Amino acid sequence: MKNNALESYFYNELYDFFLKEIGFTINESTVFFKDLKLIGDDGDDLILRFSETFEIDMTGFKFDDYFIQEYNVPFLYLYDRWFRKEKIKRKEFNIKHLEKIIKEKKWIDT
């Protein structure tokens, strides 16, 4: 199997996974979890199902690097509203990164 065919297979598997799990369609430019608008427990549940479905070792995954905790949402709104400063940033990744993780069978930080 050529590398492009392998990537296409992973892309199709990921597309099906996200459509089934959250009802969103994804494409190569989808940024997780910013475009999906997932925070806190929803993000945690999804990443857990992802790791179980694709048998990924998530040892190196740091939840707070990628997700906003639900208890921080009101704080971020008020902080942005009162001080007009940049919101707290989180790391991002896209579909290509997830394909790489599936191939390696372990979390690779961005």
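Of note:
- Unsatisfied cross-links (Cα-Cα over 22 Å) in the set LYS34/LYS62; LYS37/LYS106; LYS34/LYS100; LYS62/LYS96; LYS37/LYS91: LYS37/LYS106
- Segment LYS96-PHE61, extension gain: residue separation times 0.36 nm, minus the distance between their alpha carbons: 10.9 nm
No value in this document is a laboratory result; all are computed from the given coordinates. Every value quoted in this text rests on a predicted model; they were computed, and no experiment measured them.
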